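The values are calculated or read from the model by the stated rules, or taken from the named source; none is laboratory data. Predicted, not measured: the structure shown is a model, and the values here were computed from it. Note that we place each Cβ from the backbone using ideal geometry, even for glycine, and neighbour counts take in every protein chain shown. Accessible surface is based on the protein model in full, side chains and every heavy atom, while ligands, DNA and RNA are left aside. Shrake-Rupley method; radii C 1.70, N 1.55, O 1.52, S 1.80 Å.
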Amino acid sequence: MTRTRVSFEARPLPEPAAAVLRERLEAAHQDRPLSTFDVRHTARRVARIAEDIGFRPTIYRGGLDLRGIEVDHVWLDIDGHVVDAAFPLFLDRFVLTLRDWVAGDASDDDLVAAAEGAGVGDRVLGEFPTRVRYLGSPIWSARRR
């Protein structure tokens, strides 16, 4: 599989599987918070949870375009839906700090602190803010399946 996706669209994950995924992610997040800084680990962790409930996730790498800055990022594609549990993009303070981090005006610690206290509902589970675009392609191991 060498298909490259130019851009993803925001759309909700299908129910009832979405509710089960949300519940499992919330439990995992309470047990050990989903990492904002180690996005690859977070993507692999969420992929295992998604697989356990019957989804077929693919890990993608590419750009997270925040309309003016672009972050090299890793997220999941679940049947054409973006799942990004690493970045709480529904929190304005996080997005502002992420912009500063990309520009070199915020530290890694600042970025982690901006995400602190964010719940699963602050993260991307199919739908994402209108100011955001995900652009990328499957990671190498996903292409070789």
May I ask you to list pairs of residues, at least six apart or on different chains, whose Cβ atoms are under 6 Å apart, with the first in segment 109-138 being closer than 14 Å to Phe94 by Cβ and surrounded by fewer than 19 Cβ atoms within 10 Å (Cβ to Cβ) and the second being at pLDDT below 95 and aliphatic (A, V, I, L, M)? none
Within segment 95-108, take every residue that is farther than 30 Å from Ala17 by Cβ and not small (Gly, Ala, Ser) and give me the one that is surrounded by the most Cβ atoms within 10 Å (Cβ to Cβ). Thr97
Considering each of Ala86, Ala114, Ala118 in turn, give the residue that is under 16 Å from Thr42 (Cβ atoms) and outside any loop (DSSP other than H, G, I, E, B). Ala114
Would you mention how many residues in segment 31-45 are in a helix (DSSP H, G or I), open to solvent by 60 Å² or more (accessible area, probe 1.4 Å) and more than 17 Å from Gly121 (Cα to Cα)? 2
Can you confirm whether segment 58-73 contains a residue that is surrounded by 15 or more Cβ atoms within 10 Å (Cβ to Cβ), in contact with a Phe, Trp or Tyr (Cβ under 9 Å, 6 or more places away or on another chain) and of a type in the set (Asp, Glu)? yes
Subset of segment 46-70 (residues that are in contact (Cβ under 8 Å) with a residue 24 or more places away in the chain and assigned to a helix (DSSP H, G or I)): Val46, Ala47, Ile49, Ala50, Asp52
Output the number of the condition that Leu21 fails; it satisfies all remaining conditions of (1) loosely packed, with under 14 Cβ neighbours inside 10 Å; (2) part of a helix (DSSP H, G or I). (1)
Going through segment 71-80 in order, the residues found to be in contact (Cβ under 8 Å) with a residue 24 or more places away in the chain and part of a strand (DSSP E or B) are Val71, His73, Val74, Trp75, Leu76, Asp77, Ile78
